[in-house]
Every structure is written in structure tokens, then in C-alpha cells.
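**Student:** To start, I am sharing the structure in question, which I have written as C-alpha cells.
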Amino acid sequence: MFQRTPRLVLALAFALSATVSPISAGGDHWPIDRAHSRVSFVVTKWGFVEVEGRFLDFSGVVAYNTTRPEVSHIEWTVRIVTVDTGETKRDQSLRAQEYFDAARFPEMRFVSERVKAAGVNELDVVGTLTIKGVSKPLTVRVVYGERHVVQAEGTFDMFKTSFTINRYDFGVVGGRVLGPAISKEVKITLVAAARQPDR
């Protein structure tokens, strides 16, 4: 999921190298373990109420090279229909045409293009974020939570990022009444537990 860019949100324009596959270059690609990962967001309503939501269904892979972070790669796909804010009518509205239009654009996606070290256990990930058919460049700051071996569960690489996007940049506007009542800025938090595949 990263940090704010001139335009914004966590990059999801997924251009891959024309000559070398970023995943093969990065090494083994580990699937994102949905049970221990999270895609959440926060908006402000009426200027004073914070509304939090999440997406329950997503998938992706991470190829992280600890010695050569520049060849690392991430892909993340989120299924819009699984949006959950704890209020059924609001979730139905978000799936509708005025907001995400999940029937026509069932997924949002991020694909990285470049990764570079930005400090101890920190990475700058440059990529493309696509929402509602609109692709925008995105650079996010990712914190690497190191590798963890859990007995009988497996080996996990942990990553976390938070960033802010302008939903209007992606055509997620809403109706004439409630649309303007919701902040244009959306804070997104991604927590990725990349789990080593079973050998």
C-alpha cells in the first residue's frame, strides 16, 4: 500500500519494465496474506466526523530483496465490492456509479515501478495507482517491519505505509448533496504481511 505525491495517494500505473520483469529481478515473490494484512481508509464528513472504512478482499505479491531493494517489486489488487464502513446503506452508495462504480470498475490496483532505500528499514516505492479506470503516479514511504518466523505458521515479511490521495483525482466524487460533505482527501493505510510460499 506508501506516502503523498504531488498529485497523490499510495501509487497503485502499473508499468512493468520492458526488458526485465521486476518480480523475477526481485527474487521470490511472496503472496500477501490477507488474514494478517489490511487495507483501510479514513475520510472526514461535515468537516468534523472521521469515518473509517476498509476493503475486505484483496490480493497481491511482494518480491523484496533485502540486499538489493532497488530490484524489489509489489503488486496489490483490491476488490471494490468488499468495501465496509460498518453502515450498509453507505457501503451501497460507495459501490454505486457516483462513487466507485464497482459494476464497471470492480478493482483498484497498485503496481510498483521502482524501489529505493530511504533509511533504516524504510523504502520509497514509486508506482501507479489505478482507481475507477484512472491511473496516477504515486510515491509512498514504506516501513519494513522485518522478517518473522512463526512456528507452524510460516515466515512473514511485514510492510506498512500510509498516504493521502485526492479522491476527485480518480473521479470518486459522489452525489451533489453528500459528495461535498465528505473530504476530498482520503488517508489510506496498507499493512502487508507477505508470507513465504510453502516449499
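**Student:** If you look at just the Cα atoms of the range 153-199, how large are its Rg and its Dmax in Å?
**Tutor:** Every Cα atom of the range 153-199 included, Rg and Dmax give 17.3, 54 Å.
**Student:** While we're on this one: Just to check, using Stokes-Einstein with a Kirkwood Rh over alpha carbon pairs, what's the diffusion coefficient of the range 43-179 at 25 °C and 0.890 mPa s in µm²/s?
**Tutor:** Answer from the Stokes-Einstein relation: 146 µm²/s.
**Student:** Can you put Lys89, Lys187, Lys132 in order of accessible area, largest first, using a 1.4 Å probe?
**Tutor:** Lys89, Lys187, Lys132
**Student:** Using alpha-carbon pairs under 8 Å, 6+ residues apart, how would you state the relative contact order of the range 58-144 in percent?
**Tutor:** 23
**Student:** Now for a separate question. Pairs Lys45/Lys160; Lys89/Lys136; Lys45/Lys187: which are spaced more than 23 Å apart, C-alpha to C-alpha?
**Tutor:** Cα-Cα > 23 Å for Lys45/Lys160; Lys89/Lys136; rest within.
**Student:** Please give the Cα centre distance for the range 104-126 versus the range 147-168, rounded to the nearest Å.
**Tutor:** If you average the Cα positions of each part, the centres end up 12 Å apart.
**Student:** Mean residue ellipticity at 222 nm from the helices of the chain, using -39,500 (n - 2.57) per DSSP H segment of n ≥ 4 over the full residue count, to the nearest 500 deg cm²/dmol?
**Tutor:** Dividing the helical sum by the residues of the chain leaves -1500 deg cm²/dmol.
The values are calculated or read from the model by the stated rules, or taken from the named source; none is laboratory data. Just so you know, these numbers come straight off a predicted model, no measurement behind them. Only protein heavy atoms, including side chains, enter the accessible area calculation; ligands, DNA and RNA are left aside. Shrake-Rupley method; radii C 1.70, N 1.55, O 1.52, S 1.80 Å.
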